[in-house]
Amino acid sequence: MNARSRTNQLLYQAELLVTLPSGDDEHATARQMALEESALALFELALESLLREVTEHARLSEHRWTVLLSQDGPALAELQRLRDLKAQPESWLNWLEFQLERLHSDDGAARRTTHNPAMIAVGNQAGLRQQLLDNLQAAKREIGALRETSLEW
């Protein structure tokens with residue numbers, strides 16, 4: 001399997017996980033949290049696969065996204081495009097970076113939903129599941145454009 005196929009496979013698998021039903025038994029919340037965090041982990045693997053894919057012409061020895069997308073990472077057009085995207089607060093890559101920091105923390109990224117009637121609901125707060133789906137779709141659109149410019153090399 002080549003890097004492009006692997007990237008596609010990982011994105012597809014992340015989508016599959018996040019759309020699986022969590023059920024309605026006593027383990028539903030834990031199962032939902034596991035599905036969300038697993039999908040995030042696959043999204044991270046897909047990002048690293050994408051980086052291998054679009055930088056294969058540079059024959060880099062390092063492919064960790066934290067290294068390649070840092071400000072002092074390699075000076076490649078594809079990486080700079082992704083760094084610029086990561087700097088945009090509303091971008092999928094900015095969202096993913098934040099979620100991956102949470103995923104790797106002691107608290108994790110998934111949260112239990114609270115059903116306290118005394119709490120005031122805050123509008124426009126999509127759950128992690130929906131955010132994952134939205135950002136996976138945005139990533140796939142961006143990846144298509146990035147692949148086109150990468151093919152020019």
* **Lone qualifier among Arg59, Arg31, Arg52 - being among the basic types (Lys, Arg) and touching a helix residue (DSSP H, G or I) at 6+ places or on another chain (Cβ under 8 Å)** => Arg52
* Looking only at the range 120-139, which residues are open to solvent by less than 50 Å² (accessible area, probe 1.4 Å), over 18 Å from Ser22 (Cβ atoms) and either among the small types (Gly, Ala, Ser) or at pLDDT below 90 (or both)? -> Ala138, Ala139
* Where residues in the range 84-109 are within 15 Å of Leu146 (Cβ to Cβ) and open to solvent by less than 80 Å² (accessible area, probe 1.4 Å), which of them is nearest to the chain's Cα centre (by Cα)? -> Leu96
* Any idea which of (1) more than 19 Å from Gly144 (Cβ to Cβ); (2) open to solvent by less than 60 Å² (accessible area, probe 1.4 Å) is the one Gln71 doesn't satisfy? -> (2)
* Structure fact -> Flagged pairs (Cβ under 8 angstrom, 6 or more apart or on separate chains; first in the range 57-74, over 13 Å from Glu44 (Cα atoms); second modelled with pLDDT under 95 and open to solvent by 80 Å² or more (accessible area, probe 1.4 Å)) are His57/Trp153
* Asked: Just a yes or no: is a residue in the range 3-24 open to solvent by 30 Å² or more (accessible area, probe 1.4 Å) and at positive phi?
  -> yes
* Asked: Hey, any hits in the range 31-48 for a residue that's charged (D, E, K, R), under 22 Å from Gly144 (Cβ atoms) and open to solvent by less than 80 Å² (accessible area, probe 1.4 Å)?
  -> yes
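The values are calculated or read from the model by the stated rules, or taken from the named source; none is laboratory data. Since the model is a prediction, treat every value here as computed from it, not as a measurement. Cβ: placed from backbone, ideal geometry, glycine included. Neighbour counts: every protein chain shown. Accessible surface areas use protein heavy atoms only, side chains included; no ligands, DNA or RNA. Shrake-Rupley method; radii C 1.70, N 1.55, O 1.52, S 1.80 Å.
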